[in-house]
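A.B. asks: I have a structure here, written as C-alpha cells, and I will follow up with some questions on it.
The values are calculated or read from the model by the stated rules, or taken from the named source; none is laboratory data. If you're wondering where the values come from, they're calculated on a predicted model, not measured in any experiment. Backbone-built Cβ (ideal geometry, glycine too); neighbour counts: all protein chains shown.
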Amino acid sequence: MTHREEGERTNSQAHSRRVAIVGAGYVGLSSSVCLAELGHVVHAVDIDARRVAGLQQAVSPIFEPGLDDLLAKHRTTDRLRFTTSIGRAMKGAEFVFLCVATPAGANGAMDLSQVRAAAVAVAARLPARTQTVVVIKSTLPVGSADEIEALMREHAPAAEFTLITNPEFLREGRAVYDVFHPDRIVIGTNDEGSAAELANLYAGLEATLFVTDRRSAELIKQASNAFLATKISFANQLAELCERVDADVEVVAKGMGLDPRIGAGHLRAGLGFGGSCLPKDVEGLRASAIAAGVDLKLLEAVQEVNRRQRTRTIERLAEALGGLAGKQIGMWGLAFKEDTDDLRDAPALDIIKQLRSMGVSGIRAYDPQAMGAAMLMIPGVELCTDLYAAVRGADAVLLVTPWPEFKEASFGRVEALMRGKVLFDGRNQLDGAAVQAAGLDYWSVGRRHVDAASSPGRQPIEAETISATER
Ligand code: UDX
C-alpha cells in the first residue's frame, strides 16, 4: 500500500462495530470511551479485578480530565462494558485492540511480556472462519508486530486475522482530548482492506490518516517520543548556558519556536522529562537501534542532559541556601507533570532521593492529585493537605510540578510561613516579580536569579508587541 499523506480526512459518521479492548490503562480506557462515543459497542477487559469493579460503577482508576463524565455517560448508553474475562470481551468482536503496557525491561529494551501474553490469549479465542482485525496500540520496538503475529499464528494456526500497528500519541492529563483530536492516525499494515476497515472505525474524527507499513509505524511512535525528549533536553542544556551568560531561556525558546520548522512545543526548560513514556521510549529506541548495529549517540546525550537537569537543580538549590545539610524543604508538586496523578519516573522521586543524600532535615510536600500514589511510593516525606502547609518552616520551597494553583498562591502568605526565603521555581511557572515583591528570593531555570532586594528581572517582550511596533 502506498503512503497516503496529507489531506485524507475521516469525517463521515461511523457505522457501529463491536470492539474488544485488552488492557484498561491510559491508552485502553481513552480508546474505549472514544470508540463508544463514536457509536461503537466496546467491551474492555483487564486482569485487575478491582479496577474492573470500579469501572463497572463508572469510577476511573486514574485521574484524567473528562474521563469520569464519559464513563458515566456510556454506562447508560450500554455501549461500554468492562470485564475480567477475555472470552466475554471478545464475543462477537470484529476488532481487538491490544492496549497493555510495555514497560522498560532489562538493558533498556522494552518488556514485551504483557503484549505477548495478551496476544496469545487473544489468538486462542479468535473465531474460525471470521476475519478479525487485531490492532496493536501499545508502543513496541520496531519489528515486534512481526514477532507477535508469528506467535499468534503458532498458537492459533486456523485463526483468520490481520494484525495492524496503530500507535497512540495521547498525552497523560490530555488523554481524552487527544483521542478525540489526534494530529494524525498512523495505520501500519500492508493489507489495504483492513487499513480501510480501521480507518472507518475512526470515522467521525477529524484527523490526517497516514497509512504505511508496520515497521515504519512502530518507528514513527518511538521516534516521535524520542524527538520530543530531544527538544526538552535541548532547552534544558540551553538553560545552563543562559544562566552563565545572563540570557533568559524562556525568551530564547519563544523566539526559536516562532520558526514553524522548529515549533514552540516541548521547548520548556525545567526539571527534565519524566513519566511512563518519554524516558522509556528514548531508552527503548536506543536499545533496539543497538540491536540493529546502530548507535544513536544523540539520544545518549538527551538522557545525560535529562539526568543532569535534576542534579543541577539540587546544586543550585544548595548554592541558594549555602548548603543543604539540616535544611527544611517544601515541595510543590510530585506528579511527573500537571493534570495527572502519575508518579512514574517523576523528577520529584529523584530530587527527593538526592535531597535526602545531601542531609536535609525534612521534606514537606503537596500535590493536588498525586497524594494517594505518593503515600505508597514516597516514604519519609511529610505529605501535606495544601500548598501552604508544605511551606511551613521551610528554608526553601521547590516547585516541581507546574499545577496552575501554584501560580495563584499568595506569596505574602508563603513568605510569612517560611523560615527562609528561597522560592525555587523548577518549571518557570511563577510570576518572578510577584514572588520578589513578597520578599522572597526567586530562583528559576535558565535565568538569572533575583533576590528580594535586587531590581526586578528582565521581562520578556512579547512577539506580538514587536510585530505591532514594526507595523
Ligand atoms: C508523551 C508524548 O507527548 C505523547 O505524545 C505520547 O503518546 C506519550 O508520551 P506524556 O508522557 O503524557 O506524553 O507527557 P508530555 O506532555 O510529553 O511530557 C513528558 C515530560 O516532559 C513531563 O515530565 C513534562 O513535564 C516534561 N516536559 C514537557 C518538559 O519538561 N518540557 C516541555 O516543554 C514539555
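A.B. asks: Against the condition assigned to a helix (DSSP H, G or I), over 18 Å from the mean Cα position of the chain (by Cα) and without any contact (Cβ under 8 Å) to a residue 24 or more places away in the chain, how does Arg244 come out, does it pass?
C.D. replies: So Arg244 passes the test.
A.B. asks: Could you identify the single residue in Glu206, Glu250 that is surrounded by fewer than 17 Cβ atoms within 10 Å (Cβ to Cβ), in contact (Cβ under 8 Å) with a residue 12 or more places away in the chain and under 23 Å from the mean Cα position of the chain (by Cα)? Give the derivation first.
C.D. replies: Details: Glu250 fails: surrounded by fewer than 17 Cβ atoms within 10 Å (Cβ to Cβ).
The match here is Glu206.
A.B. asks: Can you name every residue in region 150-195 that is among the hydrophobic types (A, V, I, L, M, F, W, C), assigned to a helix (DSSP H, G or I) and buried (at least 20 other Cβ atoms within 10 Å of the Cβ)?
C.D. replies: Met152, Ala175, Val176, Val179, Ala195
A.B. asks: Give Ile148, Ile185 a once-over and let me know the one that is over 23 Å from the mean Cα position of the chain (by Cα) and either within 13 Å of the ligand (Cβ to nearest atom) or on the phi < 0 side of the Ramachandran plot (or both).
C.D. replies: Working: Ile185 fails: over 23 Å from the mean Cα position of the chain (by Cα).
None of the others qualify; the one that does is Ile148.
A.B. asks: If you don't mind, there's one more thing I want to ask. Can you tell me which residue among Leu219, Leu198, Leu205 is farther than 22 Å from Pro279 by Cα and assigned to a helix (DSSP H, G or I)?
C.D. replies: Being farther than 22 Å from Pro279 by Cα and assigned to a helix (DSSP H, G or I) holds for just one of Leu219, Leu198, Leu205, which is Leu198.
A.B. asks: So which residues in region 268-295 are more than 27 Å from Cys99 (Cβ to Cβ) and either among the basic types (Lys, Arg) or away from the ligand (no atom under 16 Å from the Cβ) (or both), if there are any at all?
C.D. replies: Arg268, Ile290, Gly293, Val294, Asp295
A.B. asks: If you take just the helices (runs of 4 or more DSSP H) that sit entirely in region 18-86, which of them hold at least 3 residues that are touching a residue at least 12 places away in the same chain (Cβ under 8 Å) and surrounded by fewer than 21 Cβ atoms within 10 Å (Cβ to Cβ)?
C.D. replies: Passing ranges, in order: 49-56, 67-77.
A.B. asks: Those residues that are crowded, with 23+ Cβ neighbours inside 10 Å, more than 13 Å from the ligand (Cβ to nearest atom) and more than 22 Å from Val422 (Cβ to Cβ), I need them from region 331-383; list them, please.
C.D. replies: Ala374
A.B. asks: What about Glu197, is it acidic (Asp, Glu) and either more than 16 Å from the ligand (Cβ to nearest atom) or at pLDDT below 95 (or both)?
C.D. replies: Yes.
Per-residue answers, yes or no, for (1) of a type outside the set (Asp, Glu); (2) in contact with a helix residue (DSSP H, G or I) (Cβ under 6 Å, 6 or more places away or on another chain); (3) within 16 Å of the ligand (Cβ to nearest atom); (4) farther than 29 Å from Ser60 by Cα:
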site: Asp78; (1), (2), (3), (4): no, no, no, no
site: Ile86; (1), (2), (3), (4): yes, yes, no, no
site: Gly108; (1), (2), (3), (4): yes, yes, no, yes
site: Val133; (1), (2), (3), (4): yes, yes, no, no
site: Leu140; (1), (2), (3), (4): yes, yes, yes, no
site: Pro157; (1), (2), (3), (4): yes, no, no, yes
site: Asn166; (1), (2), (3), (4): yes, no, yes, no
site: Val176; (1), (2), (3), (4): yes, yes, yes, no
site: Val179; (1), (2), (3), (4): yes, yes, yes, no
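A.B. asks: Are any residues in region 401-452 crowded, with 19+ Cβ neighbours inside 10 Å, outside any loop (DSSP other than H, G, I, E, B) and in contact (Cβ under 8 Å) with a residue 60 or more places away in the chain, and if so, which ones?
C.D. replies: Phe406, Val422, Phe424, Asp441, Trp443, listed by residue number.
A.B. asks: Keeping to region 317-330, report how many residues are within 30 Å of the chain's Cα centre (by Cα) and surrounded by fewer than 19 Cβ atoms within 10 Å (Cβ to Cβ).
C.D. replies: The number of residues fulfilling the criteria is 1.
A.B. asks: Cβ-Cβ below 8 Å, separation at least six or inter-chain, first residue in region 177-194 and under 15 Å from Ile164 (Cβ atoms) and of a type in the set (A, V, I, L, M), second at pLDDT 95 or above and assigned to a helix (DSSP H, G or I): which pairs?
C.D. replies: From region 177-194, the pairs are Ile185/Ala199; Val186/Ala217; Val186/Ile220; Val186/Lys221; Ile187/Ala195; Ile187/Leu198; Ile187/Ala199; Ile187/Ala217.
A.B. asks: Then there is this: How many of the residues in region 206-238 are within 16 Å of the ligand (Cβ to nearest atom), of a type outside the set (Asp, Glu) and in contact with a strand residue (DSSP E or B) (Cβ under 8 Å, 6 or more places away or on another chain)? Don't jump to the end; show me each part of the working.
C.D. replies: First, pick out the residues of region 206-238 that are within 16 Å of the ligand (Cβ to nearest atom): 207-208, 210, 217-238.
If we keep only those that are of a type outside the set (Asp, Glu) as well, we get 207-208, 210, 217, 219-238.
This time we only want the ones that are in contact with a strand residue (DSSP E or B) (Cβ under 8 Å, 6 or more places away or on another chain), so: 207-208, 210, 217, 220-221.
Going through region 206-238 one residue at a time, the tally reaches 6.
A.B. asks: Please determine whether any residue of region 255-262 is within 16 Å of the ligand (Cβ to nearest atom), closer than 23 Å to Leu170 by Cα and out of contact with any strand residue (DSSP E or B) (no Cβ under 9 Å at 6 or more places or on another chain).
C.D. replies: Checking region 255-262: at least one residue is within 16 Å of the ligand (Cβ to nearest atom), closer than 23 Å to Leu170 by Cα and out of contact with any strand residue (DSSP E or B) (no Cβ under 9 Å at 6 or more places or on another chain).
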